[in-house]
Every structure is written in C-alpha cells, then in structure tokens.
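Input: a single structure, listed below in structure tokens.
The values are calculated or read from the model by the stated rules, or taken from the named source; none is laboratory data. Values in this document were obtained by computation on a predicted structure and should not be read as measured data. Here the Cβ positions follow ideal geometry from the backbone for every residue, glycine too, while neighbour counts run over all protein chains shown.
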Amino acid sequence: MTSVMNRRAFLAGSGAVLLSAPLAAEGQQAGQVGLELQPVRTRRPDEIDGAFAVMSRARADGLIVLPDPMFGSLRARIADLASKGRLPAMYGLRQHTEAGGLMSYAASLPDLIRRAAGYVDRILKGAKPADLARRTTHALRTGHQPPQDREDPRPDDSPVAAAAGG
C-alpha cells in the first residue's frame, strides 16, 4: 500500500521572514500538481504546541521544519510532537535527527566552514572571488543512525563487518 502525502505543513520561526516569497511561489506550483502547502509560523517557543494543533486540524500528512535559530533549543520537543502526531517530518538541520527527528537534508555546516576558510586563504593570496568554484555538500540523514564516534557493535568476524572493511 502506498501512502500519498497531499498536505504538507512548513514550520517556520521568526527567522524565516525571507522565505515568504519562495513559499508563496512553491505553493502555486504545488497546487498545479495537487499538493497543498501550509506554512505555520511561530514567533516564540511557547507557540510550538499551538502550531502542531493547527497542523493537526488542517490534517497535514507531512512536515518540513525550516531552519531557524529559535528551533535549536526546541529540537527534542518538535521531534516529540511530530512523532506523537504521527507526522513524518524532514528538517533543515541534522541536529534535529540527533534529537529524535525522522530525517534531515541540509548542507554540512562543518564542510561550509572548512570551505570558507579555504576561500579566504585563496583570496588573501590574490585569487579573484569570481574565479573560485562554489560547491555545497548536502547530506540526507535519518534519525536512527548511530553517532560516528561510537564503536561498531558488530563482531570483527561478522559478514557485515567484513563487507564494511572491518
């Protein structure tokens, strides 16, 4: 049985002011293919529960949580509300998956910082900014991946460990 998600909610904080026009354009395009997008804005942390109540009343069947500084301290609460509401959610920062969220798709912040340092170095050495190649690495992360600093619990002689080179 295939599940179709026709109503997607976007959870946006006060820092997502610049996204109003792109969301409106997305909404028009989504309507042409039978999708309904519902932006739900929060301005304060105490509005998160109410935002999920709005999504429930609107019968949202999927959620995209836009990156916002306010959501940093609310990661676990947002993941918990999405889980309790049986609302599959995708996040704009991988830290949400570390707090229990389903999945994220985002640029790698450590990679962006490394690249910025490399660009500064090349510019200081005389390179023209317009001549520098720009690349961004994005990563899809699911919420049930173990942190990379944990030991692999598989025995060294297991077929999975052998296939992984361990």
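Per-structure values
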{"quantity": "Residue count, the range 101-126 (criterion: out of contact with any Gly (no Cβ under 6 Å at 6 or more places or on another chain) and either under 15 Å from F71 (Cβ atoms) or not small (G, A, S) (or both))", "calculated": "17"}
{"quantity": "Leading residue by the ranking (modelled with the lowest pLDDT) among those in the range 1-11 that are in a loop (DSSP other than H, G, I, E, B) and surrounded by 11 or more Cβ atoms within 10 Å (Cβ to Cβ)", "calculated": "M5"}
{"quantity": "Failed condition for A116, given (1) at pLDDT 80 or above; (2) more than 23 Å from G92 (Cβ to Cβ)", "calculated": "(2)"}
{"quantity": "Of all residues in the range 95-112 being part of a loop (DSSP other than H, G, I, E, B) and in contact with a helix residue (DSSP H, G or I) (Cβ under 8 Å, 6 or more places away or on another chain), the one that is surrounded by the most Cβ atoms within 10 Å (Cβ to Cβ)", "calculated": "G101"}
{"quantity": "Members of the range 12-65 that are at pLDDT 85 or above, surrounded by 16 or more Cβ atoms within 10 Å (Cβ to Cβ), farther than 15 Å from L81 by Cα and out of contact with any Lys or Arg (no Cβ under 9 Å at 6 or more places or on another chain)", "calculated": "R41"}
{"quantity": "Candidates I123, I78, I113 - the one that is touching a Phe, Trp or Tyr at 6+ places or on another chain (Cβ under 7 Å) and at negative phi", "calculated": "I78"}
{"quantity": "Output for the range 77-94, where each listed residue is under 15 Å from V40 (Cβ atoms) and surrounded by fewer than 16 Cβ atoms within 10 Å (Cβ to Cβ)", "calculated": "G85"}
{"quantity": "Enumeration of residues in the range 55-67 that are assigned to a strand (DSSP E or B) and touching a Leu at 6+ places or on another chain (Cβ under 6 Å)", "calculated": "L63, V65"}
{"quantity": "Residue among M90, M70 that alone is at pLDDT 85 or above, outside any loop (DSSP other than H, G, I, E, B) and closer than 15 Å to R8 by Cα", "calculated": "M90"}
